[in-house]
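Worksheet for the structure shown next.
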Amino acid sequence: MSGDTTKHSTVTMTFRIEEGIMDVLRSESEKREVSLNTMVNQILRRYAEWDMYEPKVGMIPIARPLVSALFEHMDEKEIVEIACKVGKNAVHDIALFMKTRMDLQSFLSWFEMRIKTSSIEFSHSRLANGRHTYVIKHDLGYNWSLYHKTLLELIFNEILQKRIDITITPTTMTLMFDE
């Protein structure tokens, strides 16, 4: 989950990398103001936690303008129906496959990774009393917010057995729940 400062044990490895690829990695690490080692670790982590699973679970990358247009042309009834009939089970199955269990911690870990890999901005805070707040800035329209609101309410209420409060706008979603 975000804010994870846990130190992980590391190993030292040697790889042969094409010179052109190395130049791109060096340049990108300088732009991001991170060490080359950190950059490579981020790339490998993303592959191990997300990219290697995408084809196995049937996920495909899709351009933001296309997602926005598809959701924009559906009415609210259709959006809710898709979230209920397809979305809930698909997300449950994908998260379960990728995390091997379906509890609050594993779902939140999966959900955060999904948001990051979709290039959607979010902030997450957890109060001492266990109250979580996520603010997600997506700019994909009201129907996208409605779909995810419906989907997340179903997952939290029916699968995780947790109450969740979700507020939506055409550009943001705010999620609040207790551990």
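Annotations for the structure displayed:
- Sorted largest first, extent of the range 137-179 alpha carbons per principal axis (Å): 29, 16, 11
- Charge-dipole axis of the range 1-113 as Lys and Arg at +1 and Asp and Glu at -1 on Cβ define it, positive-most pick from Asn41, Ala95, Met13: Met13
- Between helix 19-32 and the chain: long-axis angle, C-alpha atoms, 0 to 90°, nearest 10: 60
- Placing pseudo-labels 7 Å out from each Cα toward the beta carbon at Val57 and Asp93 gives an inter-label distance of 1.2 nm.
- From the Kirkwood radius over Cα pairs of the range 51-110, Stokes-Einstein at 37 °C and 0.692 mPa s returns a whole-number translational diffusion coefficient of 249 µm²/s.
- Relative contact order %, the chain, counting alpha carbon pairs below 8 Å whose residues are six or more apart: 20
- Acute angle (nearest 10 degrees) that the helix 36-46 long axis makes with the longest principal axis of the chain, alpha-carbon atoms: 40
- Basic side chains Lys and Arg get +1 at the Cβ, acidic Asp and Glu get -1 at the Cβ, and with that the dipole of the chain about its Cα centre reaches some 420 debye.
- Sorting the Cα pairs of the chain by distance into bins of 10 Å, from 0 upward, gives 8, 31, 35, 18, 8, 0 percent per bin.
Since every read-out is calculated from the coordinates, none of them should be taken as a lab result. Note that the structure is predicted; figures quoted are calculated from it, not measured. Neighbour counts run over all protein chains shown; Cβ positions are idealised from the backbone, glycine included.
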